[in-house]
Structure formats: structure tokens, C-alpha cells
Amino acid sequence: MIRRRAALFVAALLLAGAAPRSGHDDASPAVQAMQDDDAENPGMLWVEQGAALWAEGCASCHGTPESVRGVSARYPRYDPALGRPVTLGAQVNQCRARTGQAAWGSDSEEMLSVTALVGRQSRGLPVAIDGSGPAQAWLQQGRALFTERQGQLNLSCAQCHDGLAGQRLGGARIPQGQVNGYPLYRLEWQGLGSLDRRLRNCLAGVRAEPLPPGSPEMAALQFYLGWRSNGLPVETPAVRP
Amino acid sequence: MRVLLNVPKTAKKGEAVEIKILISHPMESGQRRDEMGRAVPRMVIHDFVCTYNGAEVIRLALFPAIAANPFLAFSARAEDSGAFTFTWMDDSGASQTETALIVVE
């Protein structure tokens, strides 16, 4: 009986370990409060800027920002025409190219503002990235990048963010590395930042060569990370320490 | 500068209302150096005043060591319908004014 109970307990622990957990829940109560109140959330400054840009360049086709509710929860999305996953930012640039507008850099204030605005519309909806069919190969490539040891420190993403998530590194709790809040405001950056920027930081942190922006590897890794966050609520613009 | 201003639209007479303001500003401390080793000049909001129908509610002297995009929150007692006016000035000499209206019942 006791053994059975212990087995159930272990099974419960394993399940708890497998469930996605937002970085919001690992942040301090002060940071959580900052994210939860729009009046305090500095990411809302970019959302506001995004609304101005939306009125200039997006509204004539897409109508109000509210009409794209749910869209960001499905990105990165596998694009059958291109045969690769497309991030929300890349989709915005495709739109801009089609309408004869200049492309925005992935870390430009304009791109951050518009993706924050679009992401904000889906706040609270579960991340729902479709990794079926031909997209599976990209998920596998992304998972391979996530689990591959790299850099001078010879660490993989998975070693900490799957294996040691929930434990402590110095004073901070190791998060699972979920991506349901991008673009997000990091107190360390004192600004809004993209997932590209986060990954550059991660790779530089393990002394690896950052993935080139717009590369197939970057697309595969972001696609896998998005799929891994499936089910978590969209928190854009999130606040993280 | 982008601003998020939060003042209740209506209040009861005598009630304490909470005012929140988030200002987009780099709040550069003047202590950092750029990649060429040159000092980055100080650029902070140093003066902030809130008035309510002309009467001063709060006056703040701000210094470096405040993070970028400062968030300020304070309360005021609602007496008459009118306007809260917020004015601040930074090291570039630029000043900005924002206004929020309140109806007191």
C-alpha cells in the first residue's frame, strides 16, 4: 500500500515536472504585480506605440487590432508555401513587403511595438501551435538544437530548462524557458525585447555562437520553443526580471 | 515621450484617488560608458510636478539610479471636478505636460 502510494507520488511529481509552467509563476510577487496591472506594465508603452503604427500601416487591410485576437497564439506558424516556420515578426515583414513598405529589423522599436500590440490582443488565450504534418521535421530540428550541447560551457538548453527547471541558480529560480510572453519587458534590459534577443543572450551565455537572425536554425528553434509552450496563456507583453 | 496615465474618470467628493503614471524615458545615469569607452551623458527626468486645478499635489526631485521608464504612483483627495496636470523636465531641457480630467460627484 505504502509502496503504491509512493509510486503514485512519484508519478504525480513526474507529471508536475512535465506540465508547462510560465516564467510568470517563477518571478517574484513584485514582478508578477507589475505584469498583471496594465497601468504598471512598462510593455504597455510599446503596445501604445504599436497602436499608432497599426493605424498607419495595418488598419486599412486588417481593421482594428482587436480583429487579430488569437493570431499570435498560433505563431510561429508552419507556412506550407514557404516550407518553413514563420515567426510573427517575419509575417509582419511579409505583409509589409506585399504592400510596398520597408522591412523592419527584428529588434527595431517598430517591430517590437507592433508585435507587442498583436500579442496583447491574444492575452489569456492558450498558445496553440500546430506541429503536425510536414511541420514535424522542423519540430525535430528545433528539439535537436534544444537538446544539443553547445558552446565553450558545453551546455544544452534542455539541461537547465528541462532537467533543472524549478531549482535554484544563485538567488533565482530556474524557469522552464517558456516563450508565451514575447516580446517581453525585462528589467535587466530596461526595455522590451524579442525572442531573437533572448536566444542571442542564451547562446552568448554558454559561450556559443549566436544563431544568425532569420536562419532556418533560428526558425526551427523558435518553432519548437513555441510548440513546447502550447497550452500556456499568452502573456504578451510579459515582465521578467 | 510615450506616457501611460491612469486617473479615475469619476470620484466621490472627499475620496482619495490613486494616480499612476508611467513615462517612457531612458533615465540614463551618466555612470555608464559606451563601447568606445566614452562616458554616456546623464539624461534623467529631474523634476516632476502634479497640480490639481492649479494647486500643487506633489513635487518630486528625481535623481539617477531610477530605472528606465519610471513609474510614479501617489494619491490625491478629490474635491472638485477639473484637471490633473502633470509636468516634468529632463536633462535635455525638454519638458512635457499631460492632463487628465476627473468628474467629482
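Computed from the coordinates by the stated procedures, all read-outs in this text should not be read as laboratory data. All of these numbers come straight from a predicted model, not from anything done at the bench. Here the Cβ is made from the backbone with ideal geometry for all residues, glycine too, and neighbour counts use every protein chain on show.
Table for the structure above
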quantity: Selection of chymotrypsin sites (Phe, Trp or Tyr not before Pro), region A:107-202, meeting DSSP coil and at most 15 other Cβ within 10 Å; calculated: A:Trp189
quantity: Cα-derived Rg to Rh of the protein assembly as shown, Kirkwood definition; calculated: 1.02
quantity: Segment B:Asp47-B:Met89, extension gain: residue separation times 0.36 nm, minus the distance between their alpha carbons; calculated: 14.6 nm
quantity: Averaged over B:56-68, number of beta-carbon atoms from partner chains that fall within 10 Å; calculated: 1
quantity: Label point at B:Glu15 placed 7 Å out along Cα→Cβ; residues across region B:69-92 whose backbone nitrogen lies under 12 Å; calculated: B:78-79
quantity: Taking B:Thr51, A:Thr147 and counting other C-beta atoms within 10 Å, the order from fewest to most; calculated: A:Thr147, B:Thr51
quantity: Shielding of A:41-49 by partner chains, average beta-carbon count, 10 Å; calculated: 4
quantity: Among A:Met34, A:Met44, A:Met111: highest mean-square fluctuation, GNM of chain A, C-alpha pairs under 10 Å; calculated: A:Met34
quantity: Rounded FRET efficiency, nearest 0.05, which uses the C-beta distance separating B:Glu35 from A:Ser108 and R0 of 25 Å; calculated: 0.80
quantity: Approximate spin-label separation B:Val104-A:Ser67, in nm, with each point projected 7 Å along Cα-to-Cβ; calculated: 4.4
quantity: Förster radius 30 Å - calculated FRET efficiency between A:Asn230 and B:Ala73 (Cβ-Cβ, nearest 0.05); calculated: 0.25
quantity: Chain A: relative contact order as a whole-number percent, Cα under 8 Å and 6+ apart; calculated: 30
quantity: Fraction of beta bridges assigned by DSSP in the protein assembly as shown that are antiparallel (%, nearest 5); calculated: 90
quantity: Kirkwood hydrodynamic radius of region B:3-104, from inverse mean 1/r over distinct Cα pairs, in Å; calculated: 14.8
quantity: Reach of B:Lys12 by Cα under 14 Å, taken over aspartates and glutamates that are not fewer than 8 positions away in the same chain; calculated: B:Glu79, B:Asp80, B:Glu105
quantity: Theoretical FRET efficiency, 1/(1+(r/R0)^6), r = Cβ-Cβ of A:Gln150 and A:Glu56, R0 45 Å, to 0.05; calculated: 0.65
